[in-house]
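The values are calculated or read from the model by the stated rules, or taken from the named source; none is laboratory data. In this text, all values refer to a predicted model and were calculated from it rather than measured experimentally. Methodologically, a virtual Cβ is constructed for each residue, glycine included, from the backbone with ideal geometry; neighbour enumeration extends over all protein chains shown. To get the accessible areas, we keep the full protein, side chains included, count just its heavy atoms, and leave off ligands, DNA and RNA. Shrake-Rupley method; radii C 1.70, N 1.55, O 1.52, S 1.80 Å.
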Amino acid sequence: MIDNFNRYVLGNADLLGQGLLMTLRICVQAFLLAIVLAVAVGLARVYVPMLRFLAAAYIEFFRATPILVQLLWVNYVWPDLFGFPQTAEQAGIIALALQSSGYLAETIRSGIEGLPRGQYDAGRAVGLSSLQIIRRIVAPQVVLVMAPSLISQMAVVIKSSTLVSVIAIPDLMYAAIRIVNQWFEPIEILTSTAFLYFLVIFLLSLAANRISDRFRTRFGLAE
Amino acid sequence: MLDHLKQSLDPALFWEYRVTLLAGLVENIAIFLASAVLASLLALAIGLARTSSNRFSRLLSAGYTELFRNTPEYVLLVWAYYVLPLILSRLLAQKLSISPVPAAILALGFAYSGFLSETVRTGLLAVPIGHREAAMALGMSRIDILRRIVFPQGLRRVLPDALNQYVSLFKATSIVSLIAVEDIMYQVSMINVEEMRPLPLYTGAALLYCAIVIAASQTIQVLTRRWRQRGWA
């Protein structure tokens, strides 16, 4: 067992390391894109009556379809339909971002709608414009409420990112499966990979819990 | 682009292969039901252990929850399919293999038992301690207290959350195609190999999942609304 571990896991450390880097790269990009999309869709959902229905449909669609289906859909259908993404990597990033943006947009919406009406009235009473009210009153509070769910969504992105190996993006999972197919010795390599993913995601979840506890006590943001 | 959009939304291909696709969907639903039962039973046991007075079982069950909640489903699936039979073979000293369907049920069942045990725990903690004490004072047994006092109230409290977990579980059944379970995504890929028409196939699959998930969760919400409102603690 130790022999196998040394041989297959440590012996392929560079391959796995590259895979992990690819995983992190994809996740970070997908996450940033998800935030941008979520803010746009979430704001449209609440503030733009003409786009409300469209934004709601977007949120529902991406929340109700499995990530694998979205991934294959973006990878195979979008290039013909919209002319992009051009590479598998882009497709992976877009699909992961779309899924998370649906969840995050919903969080933004509930964050905004959870604010008491009086705060808008108060803002208006002191002569703030609508944009200023959003920027200086709504946004800071919504960001505070959202911070924990942002981090837990990051964990979801990493979990979902294991599937991008299916469209041949050389992430950690892809590297692991390649090594398995090469040596037919899956025990050590797959267990180590599982543990590695567990560790990364567990630490993120831990951070999310810490932060949400902290916010709750410090800013009195009780659920 | 408009032409491509029309192609994507063309249901003709889906209709042509309706029998195969339906068989795939039935496979999804079967795996969903089996793993939902497995996950619920495990979650119940783990949830009870997490609220037990024994420190050791609390620690152990918390570790279990964290382990399965924080490991990606796909990794668990691949692990259950490739590694589990090898380890079992070594332990039992005889050659064992596991076919894709049981591997899928095990992997998804264990993965979601982690999420659901957290839900169970929330439900158990939501019932005020005074209710248990009152039941104890009346001389009810522990099983009776759980069955007649704690579960009915706890379940009502966590039903929306549990429903979300089951929806996620159903969505997660799409990944079983990756270990060659012949579910709907597997059939879609196979048909695509034959027909080379990804546009209507993958768009159709996405819309189908979306429709099923939204319809099912709305229906259950409506059906359970009255039950949930009745007898609130």
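Tabulated values for the structure
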item: Residues being farther than 18 Å from A:ALA91 by Cβ and of a type in the set (S, T, N, Q) - total across the stretch A:9-49; result: 2
item: Some residue of the stretch A:21-32 being outside any helix (DSSP H, G or I) and open to solvent by less than 60 Å² (accessible area, probe 1.4 Å); result: no
item: Entirely in the stretch B:128-233, the helices (runs of 4 or more DSSP H) that have 3 or more residues that are at pLDDT 90 or above and within 14 Å of another protein chain (Cβ to nearest Cβ); result: B:151-172, B:184-195, B:198-229
item: Index of the failed condition, A:ILE201 passing every other in (1) within 22 Å of B:SER177 (Cα to Cα); (2) within 18 Å of the chain's Cα centre (by Cα); (3) within 11 Å of chain B (Cβ to nearest Cβ); result: (1)
item: Among the residues listed as B:SER35, B:SER8, B:SER61, B:SER52, the single one being open to solvent by less than 40 Å² (accessible area, probe 1.4 Å), more than 14 Å from every other protein chain (Cβ to nearest Cβ) and under 30 Å from A:VAL74 (Cβ atoms); result: B:SER35
item: Count - residues of the stretch A:175-191 that are touching a residue at least 60 places away in the same chain (Cβ under 8 Å) and either open to solvent by less than 30 Å² (accessible area, probe 1.4 Å) or within 11 Å of chain B (Cβ to nearest Cβ) (or both); result: 7
item: One residue from A:GLY102, A:GLY127 being modelled with pLDDT of 90 or more and within 14 Å of chain B (Cβ to nearest Cβ); result: A:GLY102
item: Checking A:LEU96 against (1) in contact (Cβ under 8 Å) with a residue 40 or more places away in the chain; (2) out of contact with any Cys (no Cβ under 8 Å at 6 or more places or on another chain); (3) open to solvent by less than 30 Å² (accessible area, probe 1.4 Å); (4) away from chain B (no Cβ under 12 Å), the condition it does not meet; result: (2)
item: Selection count where residues are under 16 Å from B:LEU41 (Cα atoms) and among the charged types (D, E, K, R), scope the stretch B:119-163; result: 2
item: Qualifying positions in the stretch A:62-83 - open to solvent by 40 Å² or more (accessible area, probe 1.4 Å) and touching a Phe, Trp or Tyr at 6+ places or on another chain (Cβ under 8 Å); result: A:ARG63, A:TYR76
item: Hits in the stretch A:5-20 (condition: assigned to a helix (DSSP H, G or I) and farther than 17 Å from A:VAL164 by Cα); result: A:PHE5, A:ASN6, A:ARG7, A:TYR8, A:VAL9, A:LEU10, A:ALA13, A:ASP14
item: A:PHE84 vs. criteria within 14 Å of chain B (Cβ to nearest Cβ) and not in a helix (DSSP H, G or I); result: yes
item: Residue list for the stretch A:142-173, restricted to those being away from chain B (no Cβ under 11 Å), open to solvent by 40 Å² or more (accessible area, probe 1.4 Å) and either assigned to a loop (DSSP other than H, G, I, E, B) or in contact (Cβ under 8 Å) with a residue 60 or more places away in the chain (or both); result: A:LEU144, A:VAL145, A:LEU150, A:ALA168, A:PRO170
